[in-house]
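Presented below is the structure to which this report refers.
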Amino acid sequence: MTAPGSTRVSFDAFYRAQHARVLGYFRRKAGRDAAPDLAQEVFARLLRSGALERAECPEAYLTRIARNLLIDNARCKRSRPTAFYSFDEERDAVSCADQTWRIEAADLSHLYRRTVRAMPPKTRRVFLMRRVRRMSYKEIAASLGVSVATVDYHMVQALALCRAAVAAQW
């Protein structure tokens, strides 16, 4: 009879010695992605069976477990029903053509320009300094000689006008 800890030690040593071989086997047979999970399953099955101490050639027993696991996986894949869906243009979403996107972008650009031109002069200037020149609120305030709160007020007004124009258009 063996000591309780000796089975674990022998399994650990066997695992270290055989893991690379089993992993390589599964990489060839099942692919790189599935190999680590399958290798772990093989060693789990070996440990659950308790056959490591009883088998005359544990390497061959391990290989048989690996083959059986591949067979089991193939059977499961075959028995699962495969779903095929017929192509139905009325049910499937139709994507917009590039030309449609370009036309809509051009329309939006024209709307944007009209809206900016219609803004009050100071609001338009603050908006363009922020959006076109990419200036910060502090830089705009210093350039125009106003407070940062005034710049914020004009930006809020400009954005509200843009939102209203887009909402009215579409």
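The values are calculated or read from the model by the stated rules, or taken from the named source; none is laboratory data. Since the model is a prediction, treat every value here as computed from it, not as a measurement. Because the Cβ atoms are built from the backbone with ideal geometry, glycine has one as well, and the counts that use them run over all protein chains shown. Accessible surface areas use protein heavy atoms only, side chains included; no ligands, DNA or RNA. Shrake-Rupley method; radii C 1.70, N 1.55, O 1.52, S 1.80 Å.
When you check Arg32 against the structure, is it on the phi < 0 side of the Ramachandran plot, open to solvent by 60 Å² or more (accessible area, probe 1.4 Å) and under 36 Å from the mean Cα position of the chain (by Cα), yes or no?
Yes, satisfied.
A quick yes/no check of all residues on (1) modelled with pLDDT of 85 or more; (2) out of contact with any Lys or Arg (no Cβ under 7 Å at 6 or more places or on another chain); (3) part of a helix (DSSP H, G or I):
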| site | (1), (2), (3) |
| --- | --- |
| Val42 | yes, yes, yes |
| Glu56 | no, yes, no |
| Tyr61 | yes, yes, yes |
| Arg78 | no, yes, yes |
| Phe84 | no, yes, no |
| Ser95 | no, yes, no |
| Val116 | yes, no, yes |
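Considering only residues that are touching a residue at least 24 places away in the same chain (Cβ under 8 Å) and either in a loop (DSSP other than H, G, I, E, B) or among the aliphatic types (A, V, I, L, M) (or both), which ones fall in segment 121-146?
Within segment 121-146, just Val126 meets the criteria.
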